[in-house]
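Written out below as structure tokens is the structure these notes cover.
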Amino acid sequence: MTNILNQLPGVPEFVGTAAADTIGLVIANVDEQLRSRMNLDLTYPTIGLIGSRTGAGAQIKAVDDAAKMSNIEVLSIELPRDTKSGGGHGNFIIIGGKDVSDVRQAVELSLKLIDQNAGELYISEAGHLEVQFTARAGKAIHMAFGAPIDKAFGFICSCPAPIGMVIADLAMKSAGVELVSYGTPTQGTSFSNEVVITICGEADAVRQAVIKARETGIQLLCTMGEYPDPVKTPYL
Amino acid sequence: MTNILNQLPGVPEFVGTAAADTIGLVIANVDEQLRSRMNLDLTYPTIGLIGSRTGAGAQIKAVDDAAKMSNIEVLSIELPRDTKSGGGHGNFIIIGGKDVSDVRQAVELSLKLIDQNAGELYISEAGHLEVQFTARAGKAIHMAFGAPIDKAFGFICSCPAPIGMVIADLAMKSAGVELVSYGTPTQGTSFSNEVVITICGEADAVRQAVIKARETGIQLLCTMGEYPDPVKTPYL
Amino acid sequence: MTNILNQLPGVPEFVGTAAADTIGLVIANVDEQLRSRMNLDLTYPTIGLIGSRTGAGAQIKAVDDAAKMSNIEVLSIELPRDTKSGGGHGNFIIIGGKDVSDVRQAVELSLKLIDQNAGELYISEAGHLEVQFTARAGKAIHMAFGAPIDKAFGFICSCPAPIGMVIADLAMKSAGVELVSYGTPTQGTSFSNEVVITICGEADAVRQAVIKARETGIQLLCTMGEYPDPVKTPYL
């Protein structure tokens with residue numbers, strides 16, 4: 001999962017790396033000037049940083065689960081326009097804690113979970129597709145998308161945007177799901193070439209909607225060229 | 001032009017693909033929750049989706065012409081920051097109609113026209129150039145750029161931005177053209193590395209201005225490396 | 001440094017090219033309609049254009065120094081979301097002057113300096129790092145970042161953002177430096193996957209802070225894959 005080096009010689013901030021060009025770092029005590037510009041809560045002297053060139057759902061769900069099992073808070077979630085030469089997002093997530101080892105463990109756990117979640121990130125030359133599902137949304141997912149905490153949650157996204165829209169529509173036509181957020185290139189994204197929706201509802205309904213969206217999205221990406229490969233092993 | 005498959009087995013929404021990583025899709029009846037979030041006019045139960053990883057002018061002009069010949073409305077035009085690893089835009093266009101076959105035909109026609117218009121989209125490793133010309137602007141061009149309907153219209157754009165500015169200036173110094181819109185990386189674009197102008201005027205004047213801009217733009221892109229290749233056969 | 005052609009046949013606007021896909025151009029007399037849309041100061045009939053696909057600090061520092069030695073004004077600095085398939089910025093800088101040869105010389109000088117400054121721009125497959133240092137900030141640096149004129153100035157930036165944050169923190173913990181600007185994917189950047197800070201203070205302190213940030217940034221980029229190569233010869 002994480003880099004072989006548990007700690008890079010001379011760089012105590014280093015925690016590890018994960019799929020989709022992800023790095024995890026810890027700053028034990030953020031500089032005062034920087035802290036005031038970041039508007040960081042003073043309760044958390046230590047911050048953990050998780051960021052990737054590619055993906056959003058995989059990493060937010062990873063941090064969401066890590067936060068449930070750790071003594072940390074999710075402080076901010078930002079989505080740059082990235083995915084290298086792709087048409088989507090990367091991510092930059094900051095967590096905070098009172099204890100360095102708590103934060104370091106939460107970052108390590110997040111990296112491990114990103115490697116799992118990246119199984120539902122599919123990339124081809126022409127575009128990409130990402131779906132995520134969790135039976136119980138936590139604080140990170142709530143912060144990022146406004147999804148209700150403790151309810152089942154699904155993330156559905158594809159580039160180019162028309163594919164994203166068709167699979168969003170298919171997912172919404174599944175029984176028993178509710179629309180949480182809706183993003184397009186100029187609304188709720190960082191000008192990415194995607195339609196992104198998030199949904200909530202009963203666990204089985206959300207899971208079925210996400211799987212249905214994934215199957216059609218992969219078929220549509222195939223019409224534009226090669227089969228989109230999952231970054232890791234699919235989990236759904 | 002479009003994909004060999006007239007309709008993808010199991011994906012009735014599929015219409016076809018075209019140059020510049022373009023896909024065309026149709027949703028016969030948009031889901032109610034999605035529709036309300038999209039602020040879609042209830043008059044049009046069926047929507048057509050056209051979107052590309054690369055280009056803006058080619059696709060907007062294609063939909064503009066398709067709309068003249070079809071019983072559909074142009075509902076929205078969005079320009080993500082894309083062109084794959086290039087410095088420009090992709091596009092995401094939604095059209096609406098009362099009849100599924102009307103919308104499907106308009107999407108098919110748009111895809112055919114995108115293949116033609118992509119002839120004036122030139123791409124090199126260092127940058128790109130796109131010009132478009134129509135003797136008569138319609139609804140899509142008016143919506144996207146504010147150009148006067150039924151007047152001749154020209155689109156001129158290049159990356160990196162300095163080349164776009166020089167060819168914009170050359171085009172404007174042609175006799176008889178008027179500036180419609182002006183875009184730079186932080187004004188009127190999605191942070192693309194381009195200067196983009198649109199012009200109107202008498203057909204001959206606009207056509208000459210566009211051709212002059214194209215010739216100089218290609219010469220300047222050549223100073224940065226290889227000759228920029230047209231995506232399809234140039235039409236001007 | 002600049003392109004072999006001192007002037008491209010038929011394109012009198014061409015000045016030259018430089019590292020990081022940079023081009024320099026001059027427009028002797030900007031078209032009136034374009035000028036009014038650009039909100040250009042009428043005092044400067046001639047404009048010089050410098051723009052690159054990759055980098056921001058290198059080019060802003062180059063124009064900053066060129067402006068100190070020339071009879072020109074810096075009119076605007078824009079940062080598109082670019083770096084080709086990278087996660088950072090390109091740039092588009094406009095300078096103005098009363099005399100064409102003044103402006104042409106300033107563009108030529110800027111191109112030469114960009115080739116030098118690009119030595120502190122490091123790029124790998126996974127990300128990038130850029131640092132810049134000047135003992136005396138001038139008008140371009142003040143315009144771009146709000147840094148105090150005539151004071152030592154440092155620019156520190158890395159992608160992905162977590163690396164940028166760790167080296168920003170390290171730089172700020174150096175003795176004697178003050179934070180000037182702070183940028184993240186959704187604050188003060190064009191949705192780039194970076195943390196970007198600028199600092200000021202005593203020359204030695206700023207230089208040490210910048211070098212410290214660079215060393216750690218390179219080490220962290222190495223954990224994500226290959227060693228990041230400088231675009232030109234490092235100067236610090």
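What follows is calculated from the coordinates using simple rules that are stated; it is not laboratory data. Because the structure is predicted, anything quoted here is derived from the model rather than measured. Positions of Cβ are backbone-derived with ideal geometry, glycine not excepted, and every protein chain shown enters the neighbour counts.
Some points to look at:
- Within the stretch A:202-230, backbone nitrogen closer than 15 Å to the virtual label 7 Å beyond the Cα of A:A175 toward Cβ: A:202-209
- Other residues with beta-carbon under 15 Å from the beta-carbon of A:S174 carry, at +1 per Lys or Arg and -1 per Asp or Glu, a net charge of -3.
- Cα gyration tensor category, rounded, prolate or oblate, for the protein assembly as shown with a/c compared to 1.5: oblate
- Mean ellipticity per residue at 222 nm, deg cm²/dmol - from DSSP H runs of n ≥ 4 across chain C, formula -39500 (n - 2.57): -10500 deg cm²/dmol
- Mean per-residue shielding of peptide B:65-76 is 0, counting Cβ atoms of other chains within 10 Å of each Cβ.
- Scalar couplings 3J(HN,Hα) for the stretch B:172-182, obtained by applying the Karplus form with A = 6.51, B = -1.76, C = 1.60 to θ = phi - 60°, are 5, 7, 5, 5, x, 10, 10, 7, 9, 9, 9 Hz; x denotes Gly and Pro.
- Rounded to the nearest whole Hz, the Karplus-based 3J(HN,Hα) values (6.51 cos²θ - 1.76 cosθ + 1.60, θ = phi - 60°) of the stretch A:63-73 follow the sequence 5, 4, 6, 4, 5, 5, 9, 10, 9, 9, 10, with x at glycine and proline.
- For the pair A:K139 and A:E32, label points projected 7 Å from Cα toward Cβ lie 2.7 nm apart.
- For chain A, modelled as a GNM whose springs connect Cα atoms under 10 angstrom apart, the maximal fluctuation among A:R104, A:R37, A:R53 occurs at A:R37.
- Placing a label point 7 Å from Cα along the Cα-to-Cβ direction at A:A28 gives distances to the equivalent points in the other copies of 6.5, 6.5 nm, listed shortest first.
- Under a Gaussian network description of chain A, with springs only between Cα atoms under 10 Å, the residue in A:S174, A:S192, A:S36 that fluctuates furthest is A:S36.
- Label point 7 Å beyond Cα along the C-beta direction, distances from B:T233 to other copies (nm, shortest first): 5.2, 5.2
- Positive-pole candidate from A:S110, A:V195, A:Y122, dipole of chain A, charges at beta carbon: A:V195
- Inter-part distance where the stretch B:145-224 and the stretch B:54-101 are each reduced to a Cα centre, Å: 19
- Cut-off 12 Å, label 7 Å out along Cα→Cβ of C:A203, residues of the stretch C:111-145 by amide N: C:134-137
- Of the residues C:Q116, C:Q187, C:Q59, the one that moves most in a GNM of chain C with alpha-carbon contacts below 10 Å is C:Q187.
- The stretch C:14-120 - percent relative contact order, Cα under 8 Å, separation 6 or more: 35
- Within 10 Å of the Cβ of each residue in B:51-58, the mean number of Cβ atoms contributed by other protein chains is 4.
- The modelled label-to-label distance for the pair C:T186/C:E215, using points 7 Å beyond Cα in the direction of Cβ, is 3.6 nm.
- Where rotation carries A onto B, the chain A residue whose Cβ is nearest that axis, in whole Å: A:S85, 2
- Residues whose amide H comes within less than 5 Å of that of C:T189, counting only those at least five positions distant or on another chain, are C:T184 (H built at 1.01 Å from N in the peptide plane).
- Remark: the protein assembly as shown carries a charge dipole of roughly 280 debye about the Cα centre, counting +1 on each Lys and Arg Cβ and -1 on each Asp and Glu Cβ.
- Cβ-based net charge around A:I211, under 15 Å, with every Lys or Arg adding one and every Asp or Glu removing one: -1
- Shielding by partners for peptide C:35-42, expressed as the average number of C-beta atoms from other protein chains within 10 Å of each residue's C-beta, is 3.
- 5 angstrom amide H check on C:D82, placed H, neighbours 5+ away: C:G88, C:H89, C:G90
- Among the trypsin sites (Lys or Arg not before Pro) in the stretch B:134-236, those placed in a DSSP loop whose Cβ has at most 15 other Cβ atoms within 10 Å are B:R136.
- Database remark: amide H of A:A126 closer than 5 angstrom to the amide H of A:E226 (H placed geometrically; neighbours at sequence offset of 5 or more, or on other chains; Pro and chain starts carry no H).
- Between helix B:203-223 and chain B: long-axis angle, C-alpha atoms, 0 to 90°, nearest 10: 70
- ³J(HN,Hα) computed for each position of the stretch C:33-50 - Karplus, 6.51 cos²θ - 1.76 cosθ + 1.60, integer Hz, glycine/proline x: 5, 5, 4, 5, 6, 7, 6, 7, 5, 5, 4, 10, x, 9, 10, x, 10, 10
- Modelled FRET efficiency - R0 22 Å, B:Y235 with B:S85, Cβ distances, 0.05 increments: 0.25
- Across the identical copies, the 7 Å label point of C:P12, projected outward along Cα→Cβ, sits 6.4, 6.4 nm from its counterparts, in ascending order.
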